[in-house]
Structure formats: structure tokens, C-alpha cells
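Notes to accompany the following structure.
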Amino acid sequence: MRIGILTVHRAINVGAVLQTYALQELLKHLGHDVQVIDYRQADVERKDRSPIGFKSWLRLCLHFHPRSALLFLKRRNEVMKRRAGFDNFINKWLNLTDSCTKDNIPDDFDAYVIGSDQLWNRNILLGHNDLVFWGNFKHKDNSKIISYAISTSVADIASNDQDFITSSLRNFSFISLREKETVDYFNQQYTLLNPTQLVLDPTLTANRAIWENIRAHRFDNEKYVLVYAARSYEKDPMLLMRKARALADELGCDVKTLEIEHVPDFVDIIANAQYVISSSFHGIAFSLIFNRPLFAVLYGDEQDARYKNLLHLLNAEKMLVNINDEFRPTAIDYAPINETLDIWKKRSIEFVKQLDS
């Protein structure tokens, strides 16, 4: 079957890029001919890939701010270097279609898989719904559309235009989401062709061998506690770093923060960490993949639910810590966690196999 993936594969975000790669490889492993549709989503392009031109730099120079102009140039070079690193990975590892917009999505696929990531979260997409990610695009009458492991919140869906949600859901043959609360809400609130199902993010469902395949092994001989704070703690932005240094002193190692230019380094730096401290869903997911000791930090906001749900699902709640808790080394038995993870992998793969039905 020819399958096209629709997702935010061009975001300058390691989780977004790696979940795309994982979904592609999962579908290929199941025997499908898979391409990632090179959809240039307007909000992603505006937010992550807007031109960093010289007009702003020239304006600074004309207003006699040479130090600011130099800092601007330095920042511009850093952004361009990071962007180039992401593009190298995307072009090497993703099987892309020709680029397209919402008006010319390729219409010759047998099936479309929309997901995963936060495609139905209006906060991510600058306050509105993306019609393509809700299945509103031209395609063959006999082609299927499914959602795979989309992440969204009950609050966002409940406050949305319900006529739009109801009509858009009719585009889908099968729907799966990543959070149990949202799955339950969909099944209670909407009349669907098939019940909404709970599945794992593709990074957790795909064969672990794909991650070993892309690793550069840059960090194999280093010892460190890794801090990956996907969002800062506004009350005390340096609190996690202080806790990480205290933990590293106890373990006799260094502290590293996540500053990634090359996507495979993200996998590598987590795989080799003595401990991971993170408030990122994919930072936590890859810690689980590589069985790393983990503190999954709760800030008490809506974003906590994205990984809190996952750890409860895998009976790994002990890895959750509140931001103000003391971070002390704790022995983790990964055997039962891995057993539960395998069960959910199988359930997630069975969901995808419905494409053949």
C-alpha cells in the first residue's frame, strides 16, 4: 500500500523530526511503500524557518548599535547552522515527496497517516486549526485517512468549534491519540465510525534498532547528568540546573544541557546519560527507550499531561517528580516497564494494521 505521512516534519525540533522518522520506519517495517508528504505548513514555516535577513542587522548599524549588530550576526549564524543540521537529517533519512502547500497535497496515495505530535493543538499552530491535519484535503475517494498518536488536550478540543471538529472527524477511517483522557473524551462526545484508540508515540513503537542505526556515538566515553528542559520554570529558571549539579556531584560526573545542531546527537546524548532530568515528552520517551534513570519533572501546567499520561500507562510513575522535590539517585527496575511497553507496542501496531482491512 502507498502511504503518505502528514506531520510537522520541518519543525526545528528534535521530537518532531524523530517522530516522523519513527512513523516512516514503522510503516515500512509493516511492508508499505511510504513517503513523508513535504507539506510546508504555514505556521511551522513562519515560526521555525522565517528568513533571517540583513535588514534588521543594517537597521541596528544605522542606529549606532554595533555591539547589538555583532550579536545579531552571531545569533543568525547559530540559527542557520542549526537549521542546516536539521535539513541534513531530513534530506538523508526521510523519503520526501515534492514540496507542497495545503492547496496541492498529493492525491495519489492509497492511505494517509496524519500524526503524531501536537497537530490538533491550536496553541502550537498559532491559535487556529490546520485543515490538512484534520483531513480536509483532496484525495482519492477510496483512500483512507487515519490519525496516529496525535497529542491534544481535552480543554483545547472542548473549546474548539464543535461543528468543525464533528465534520472533520468524518474524514477519518480510524483515530488514535496519545493521551487517555482525550481518547475517553472523543469516545464520549463524538459519534465515530470506530472507537478512538490509545496508542504509543511512534518513537516508542518503532524498532529500537533504528535509533542505533543513526547514533554517532559521540558521547560514549563521557559521564554526565543530562538536563533537557523543553520549557523553563518561570519562578526560578535556574532551579533545574542547581538540582542537576547537586545530583551530578553525588554521582561523580558532569552536567550537560541539550544544545543540539545534529539530530542524531539527541539520541546519542540521552542513550549515554547517567541520569536524565527532563520536562520534554520526547526527552522522556528516549530515556525509556534506552532505559536511562530519569526524573520527569512536573511544573503543574497543561504540558505535564503529555508525559505524565505515558509514565502512568507504563507503571513508571516513580520517575515523576515535582519541580521542588529533592532529586536523589534511585534504583529503577526497567524489566516490568519494558514488559508493559512491549504490550502497548503490540497494541499500537495492531491499530496501524487496520489500514489493510
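Report every pair of residues separated by at least 6 positions or lying on different chains whose Cβ atoms are under 6 Å apart, first residue within the stretch 331-342 and touching a residue at least 12 places away in the same chain (Cβ under 8 Å), second surrounded by 11 or more Cβ atoms within 10 Å (Cβ to Cβ) and of a type in the set (Gly, Ala, Ser). If the second residue must be surrounded by 11 or more Cβ atoms within 10 Å (Cβ to Cβ) and of a type in the set (Gly, Ala, Ser), the pairs left are ILE337/ALA316. In the stretch 40-51, the residue that is modelled with the lowest pLDDT out of those that are assigned to a loop (DSSP other than H, G, I, E, B) and open to solvent by 40 Å² or more (accessible area, probe 1.4 Å) is PRO51.
Comparison of ASP268, ASP184, ASP236 shows that the only residue that is within 17 Å of VAL14 (Cβ to Cβ), open to solvent by less than 60 Å² (accessible area, probe 1.4 Å) and among the charged types (D, E, K, R) is ASP268.
Does LYS235 meet the test of being basic (Lys, Arg) and modelled with pLDDT of 95 or more? The answer is no for LYS235.
Restricting VAL255, VAL263 to residues that are in contact (Cβ under 8 Å) with a residue 40 or more places away in the chain and touching a helix residue (DSSP H, G or I) at 6+ places or on another chain (Cβ under 6 Å) narrows the list to VAL263. Residue pairs whose Cβ atoms lie under 6 Å apart, separated by 6 or more positions or on different chains, with the first residue in the stretch 214-227 and farther than 15 Å from VAL255 by Cα and the second charged (D, E, K, R) and surrounded by 13 or more Cβ atoms within 10 Å (Cβ to Cβ), are ARG215/ASP268; ALA216/ASP268; ARG218/ASP268. Under the condition of being open to solvent by 80 Å² or more (accessible area, probe 1.4 Å), of a type in the set (D, E, K, R) and over 20 Å from LYS243 (Cα atoms), the residues counted in the stretch 300-331 number 2.
The values are calculated or read from the model by the stated rules, or taken from the named source; none is laboratory data. Computed from a prediction, not measured in an experiment: that's the story for all the values here. Neighbour counts run over all protein chains shown; Cβ positions are idealised from the backbone, glycine included. Only protein heavy atoms, including side chains, enter the accessible area calculation; ligands, DNA and RNA are left aside. Shrake-Rupley method; radii C 1.70, N 1.55, O 1.52, S 1.80 Å.
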